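In what follows, a structure is listed as structure tokens, so that the remarks can point back to it.
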Amino acid sequence: MESKRPLLTLNNVSKKFGGIHALKGIDFEVYPGEVHALVGENGAGKSTMMKILAGVITSYQGEMVWDGRPLKLKNPRHALDLGIAMIHQELSVMPELTVAENIFLGRQLLKGGVVDWPRMFREAEAILTELGFAHVNVRDNLEKYPLGVHQLAEIARAITSGARLIIMDEPTSALSPMETKRLLELTRKLKESGKSVVYISHFLEEVVWVADRITVLRDGQKITTLDAGRTDKKELVKLMLGKEAEFFEESYIGGKEIKDLHERKPPVLQVRRLGKGRHFADVSFALHAGEILGIYGLIGSGHFELGEAIYGLNHPSSGTIELAGKALRGGPGRAIADGIAYVPPSRRSGLFLDKPIFQNVSLPWLAHISRFVPAVAKEVAITRKVIERVGVRPPDPLKEVAFLSGGNQQKVAIARWLVELPKVFVVSEPTRGMDVGAKEEVMHILKQLSEEGVGILLISSEPETILAAAERVLVMAKGRIVSEFSEESVSKEMLLAAASGEMAQSA
């Protein structure tokens, strides 16, 4: 750290929502040239604290000090003007604009009062080259590219803003291991140049590697601040949860025994030689009732598109899909009627954040609930039952989804499909952007559903998620299944090696 005086300080900061303390007496500081990581469970107060730092929340108790002077932010624009930029977990990109326009969104480079396109393209290309994405054409619309590039555009926007403090909220959640390594190396370069970074991630390995110091929050309170070089993942999770974490021990630190207990049962879902353009080809597998089948791959491997095809969001160009021996054809409406449920990899694309929970849950079932006239009371009653089952907090059907934590939003996305139990549940990235505690809760819900006979297709680019629940694992790379793990011990390193074609090196 370059200076003894903090760049930013929070003194005794507290924030209540209604009668609930989201933050209670928080002291926090970040120095020039420091990466200060923040970890804690969903609901620990991380998001509230970051929204205060970024000017999103302006009403709170306590004091913020910026570069030695007391500061009261008016809004996010005020924060950005002072030099505080935030990379949000839920992306704020505009896919219909070019990559360059997204990087310079809201601050286009001008010359003589008009947009200086050549300069904007040059500078966008320069930052993406530094991030290792020289192959991305900044003149293309962002929608042409996968989620990982969307995440990089958001990151590049913050880095090129000239900010002195950059808040990174789950910046690697949509990135491949190699892309993650590049971002972590760039974060260290930012630190060496004198910039400060507040780094939030549920990937604790990243946190320990990139951070100088780590602050742990639990239940809205600061538990401790540690030197990153004097702690490890195991100690951090104990501090986060206040107890031993069986889930963490099994899936984050070590490997697990894969036991295929369903091989003799008839398949509920049969996929044969399925193909879809450049996304995937010759994919064949069976999913059995009550089985959790993991499909692991790096970003761009085709596993997300495979999930969309099974649900009917895109139509395969070759091969067949059978549900209980019956060929599947048609879009999502037909899939729902046949008993297939689906949660997409991005919560934002799967939920109406500005609507109450009950409208999100009841949407696929409106024709069943009331064919001709609205039946709000019935929708609310049905919703209350399923959100209580999955543990949405607070269990209020009238609460807007936008005001829930990421973990609770994902529970709503799952609860939607429990009104009528599906035969097959396709879940893509069910724990993206979650910490250990929230991840464990979601995995517990999926395991309960499998015990009730639901066949679950668990699709993820997070090895920890696959190891947490899958009884059998298929690995995809470049659109094809390249490995299967069944009746054997498998580790995070083995999955990464299979997906990348070589033993993954840790960042």
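At a 10 Å Cβ-Cβ cut-off, how would you order PHE28, PHE17, fewest neighbours first? Before the final figure, lay out the partial values.
Details: PHE28 22, PHE17 11.
Going from sparsest to densest Cβ surroundings: PHE17, PHE28.
Along the charge dipole of the chain, pointing to its positive end and built from +1/-1 on Cβ of Lys, Arg, Asp and Glu, which listed residue (PRO177, MET240, VAL473) has its Cα farthest out?
MET240
In whole Hz and in residue order, list the ³J(HN,Hα) couplings for region 396-408 that follow from phi through the Karplus curve 6.51 cos²θ - 1.76 cosθ + 1.60, θ = phi - 60°; x for Gly and Pro.
3J(HN,Hα) across region 396-408, in whole Hz: 10, x, 8, 6, 5, 4, 4, 8, 8, 5, x, x, 6.
Per-residue ellipticity at 222 nm for the chain, helices alone: DSSP H runs ≥ 4 residues times -39500 (n - 2.57), over residue total, nearest 500 deg cm²/dmol? All intermediate terms of the calculation are to be shown ahead of the outcome.
Numbers: 18 runs with 166 residues, N = 507.
The per-residue figure over the chain is -9500 deg cm²/dmol.
Could you pull out the pairs from LYS72/LYS181; LYS46/LYS399; LYS276/LYS411; LYS144/LYS191 whose alpha carbons sit more than 24 Å apart here? If you can, show how the numbers build up before the last one.
Details: LYS72/LYS181 36 Å; LYS46/LYS399 21 Å; LYS276/LYS411 30 Å; LYS144/LYS191 32 Å.
Exceeds cut-off: LYS72/LYS181; LYS276/LYS411; LYS144/LYS191.
Among ILE459, TYR296, LEU8, whose Cα projects farthest towards the positive end of the dipole of the chain, with charges put on the beta-carbon of Lys, Arg (+1) and Asp, Glu (-1)?
Positive-end residue among those listed: LEU8.
Considering the options PRO118, ALA158, THR129, tell which one lies farthest towards the positive end of the dipole of region 96-161, charges being +1 on Lys and Arg and -1 on Asp and Glu at the Cβ, about the Cα centre.
Toward the positive end, the furthest listed residue is PRO118.
Amide H to amide H under 5 Å from VAL454: which residues, 5+ apart in sequence or cross-chain, H placed 1.01 Å off N in plane?
HN-HN under 5 Å from VAL454: GLY290.
Determine which aspartates and glutamates satisfy two conditions relative to LYS355: a Cα distance under 13 Å, and not lying fewer than 8 residues away in the same chain.
Counting by Cα, and skipping residues close in sequence, LYS355 has these aspartates and glutamates nearby: ASP396, GLU400.
Could the peptides 164-172, 345-353, 282-290 be put in order, highest first, of the mean number of other beta-carbon atoms found within 10 Å of their residues? Show your work: numbers first, answer last.
Numbers: 164-172: 23.8, 345-353: 16.9, 282-290: 19.0.
Packing order, densest peptide first, comes out as 164-172, 282-290, 345-353.
Skipping prolines and chain starts, which residues have an amide H placed within reach, meaning under 5 Å, of the one on GLY62, given they are 5 or more residues away or on another chain?
Excluding prolines and chain starts, which carry no amide H, the hits are SER14.
Can you compute 3J(HN,Hα) from phi for each residue in region 125-130, using the Karplus curve 6.51 cos²θ - 1.76 cosθ + 1.60 with θ = phi - 60°, rounded to whole Hz and x for Gly and Pro?
Taking θ as phi minus 60°, the curve returns 4, 5, 6, 5, 5, 5 Hz for region 125-130.
Let me spell out the model: positive unit charges on the Cβ of Lys and Arg, negative unit charges on the Cβ of Asp and Glu, origin at the Cα centre of the chain. What dipole size does that give, in debye rounded to 20?
Working: 64 positive and 63 negative charges, 276 e Å.
Rounded to the nearest 20 debye, it is 1320 debye.
Using a/c under 1.5 as the rounded threshold, could you call region 96-161 rounded, prolate or oblate? The axes a ≥ b ≥ c are square roots of the C-alpha gyration tensor eigenvalues, and prolate needs a/b larger than b/c, oblate otherwise. Mind dumping the intermediate values first?
Details: a/c = 1.73, a/b = 1.55, b/c = 1.11.
The shape class here is prolate.
Taking θ = phi - 60°, what integer Hz values does the Karplus form 6.51 cos²θ - 1.76 cosθ + 1.60 yield along region 23-32, in sequence order, with x for Gly and Pro?
Computed from phi, the couplings for region 23-32 are 9, 9, x, 7, 10, 7, 9, 9, 9, x Hz.
Please list 483-491, 412-420 highest first by mean number of surrounding beta-carbon atoms within 10 Å per residue. Spell out each step's value before the answer.
On the way: 483-491: 15.9, 412-420: 20.9.
In decreasing order of mean packing, 483-491, 412-420 become 412-420, 483-491.
Order 123-135, 150-162 from most to least packed using the mean count of other Cβ atoms within 10 Å.
On the way: 123-135: 16.8, 150-162: 21.8.
Sorting 123-135, 150-162 by mean packing, highest first, produces 150-162, 123-135.
Pull up all non-local amide H partners of ARG218: gap of 5 or more, or a different chain, and H-to-H distance under 5 Å with H placed in the peptide plane.
Those lying under 5 Å, H to H, from ARG218 are ILE223.
Mind checking the dipole of region 96-161: about its Cα centre, +1 per Lys or Arg Cβ, -1 per Asp or Glu Cβ, Debye to the nearest 20? Walk me through the numbers on the way to the answer.
Working: 7 positive and 9 negative charges, 39 e Å.
Dipole magnitude for region 96-161 comes out near 180 debye.
Every number here is computed from the coordinates shown, using simple stated rules; none is lab data. What you see is a predicted model; the values in this text were computed from it and never measured. We place every Cβ from the backbone using ideal geometry, glycine too, and count neighbours over all the protein chains shown.
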